[in-house]
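Scroll down for the structure; my scribbles are underneath it.
The values are calculated or read from the model by the stated rules, or taken from the named source; none is laboratory data. As the structure is a prediction and not an experimental result, all values here were calculated from the model. Please note: Cβ atoms are built from the backbone with ideal geometry, for glycine as well, and neighbour counts cover all protein chains shown.
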């Protein structure tokens, strides 16, 4: 079910960053689980909402795709490890608030791991490709772990030492005065990127950064039945970052429409125009499907709006395939010869 992050924080959709921050601080102080009368579930909800709405990029994703863009799980496919959008989790709640409000607990002493940036690409598909799915190659130029040092930033074989900036803790603590008093915050150490150690000699390839620009080609399995605007996620295929987890790759699907077909779930709909004589006497007609042309028997006396089912000609599903519904449209001739008119008058066909 879609989550309304704005409602969770009690702010309108057009709220400013400052309004969101104030609402969050008020609710966080009220519901913190280490406080008497606190509510851990409520606290997690408002933290989830704030993590998204306080970040301009994530807020833009949420406004466009909804909370599905930040939820675990979703539409799995092809063993590829992707789903419809997602977010790789929130910062530890104790780390964010343990020092801010003076609450204790072991959570406030945990360290963070950095996370690389997400990447979004767009894929164009024909209607038929979207129905059946399939494999697509995507070539990206992105930051990946350095091939020489494996991402640790040190020259292979070099010794490591305790980081002098954080004394091996992997985090640095800063404090600032706010309307709530002195607020302490933790962040990953900029010198060691949260690892607590630094190499004695930097990698010759990445100069200690642990990452390098690389061109990479991925083979992506697109599940059958995708629709315009669907977003798939490939976990850990985004930008790499030293000392942390790579971001995710989001693939947005664009499906070119096909005037011959209309799709609703696993069922395809199409129209077939037939003549007056065919409708009255019956006939065999050719009907287009995504598999090719098939023959359909039209019984005598068929009326406009009649529907016929072609089983197994729809969208592939786990148990097989959906169906195709063919709707008949009987065309009344606009121009008749004198002889044709006389024949129809003799027949005197009335409803």
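Quick one: in segment 256-275, of everything that is in contact with a strand residue (DSSP E or B) (Cβ under 8 Å, 6 or more places away or on another chain) and outside any strand (DSSP E or B), which residue is farthest from residue 227 (Cα to Cα)?
Among them, the one singled out is 260.
From 218, 232, which residue is within 19 Å of the chain's Cα centre (by Cα), crowded, with 20+ Cβ neighbours inside 10 Å and not in a loop (DSSP other than H, G, I, E, B)?
Only one candidate qualifies: 232.
Find the residue count for segment 191-208, including only residues that are under 19 Å from residue 115 (Cβ atoms) and surrounded by fewer than 12 Cβ atoms within 10 Å (Cβ to Cβ).
0
Being more than 21 Å from residue 295 (Cα to Cα), surrounded by 19 or more Cβ atoms within 10 Å (Cβ to Cβ) and either free of Cβ contacts under 8 Å to residues at least 24 places away in the same chain or more than 25 Å from the chain's Cα centre (by Cα) (or both) is true for just one of 243, 225, 247. Which residue is that?
243
Filter segment 1-42 down to the residues that are assigned to a loop (DSSP other than H, G, I, E, B) and at pLDDT 85 or above and list them by number.
Scanning segment 1-42 gives 4, 10, 11, 12, 13, 14, 15, 16.
Do the conditions hold for residue 211, that is, is it surrounded by 15 or more Cβ atoms within 10 Å (Cβ to Cβ), within 30 Å of residue 321 (Cα to Cα) and either in contact with a strand residue (DSSP E or B) (Cβ under 7 Å, 6 or more places away or on another chain) or at pLDDT 90 or above (or both)?
It is false that residue 211 is surrounded by 15 or more Cβ atoms within 10 Å (Cβ to Cβ), within 30 Å of residue 321 (Cα to Cα) and either in contact with a strand residue (DSSP E or B) (Cβ under 7 Å, 6 or more places away or on another chain) or at pLDDT 90 or above (or both).
Of the residues 80, 61, 57, which is crowded, with 19+ Cβ neighbours inside 10 Å, at pLDDT 50 or above and within 15 Å of the chain's Cα centre (by Cα)?
After applying the criteria, what remains is 61.
Against the conditions (1) modelled with pLDDT of 95 or more; (2) out of contact with any helix residue (DSSP H, G or I) (no Cβ under 7 Å at 6 or more places or on another chain); (3) under 17 Å from residue 276 (Cα atoms); (4) part of a loop (DSSP other than H, G, I, E, B), where does residue 327 fall short? Just the number, please.
Among (1) modelled with pLDDT of 95 or more; (2) out of contact with any helix residue (DSSP H, G or I) (no Cβ under 7 Å at 6 or more places or on another chain); (3) under 17 Å from residue 276 (Cα atoms); (4) part of a loop (DSSP other than H, G, I, E, B), residue 327 violates only (4).
Out of everything in segment 309-322 that is farther than 22 Å from residue 222 by Cβ and either in contact (Cβ under 8 Å) with a residue 40 or more places away in the chain or surrounded by fewer than 17 Cβ atoms within 10 Å (Cβ to Cβ) (or both), what residue ends up being nearest to the chain's Cα centre (by Cα)?
The residue in question is 311.
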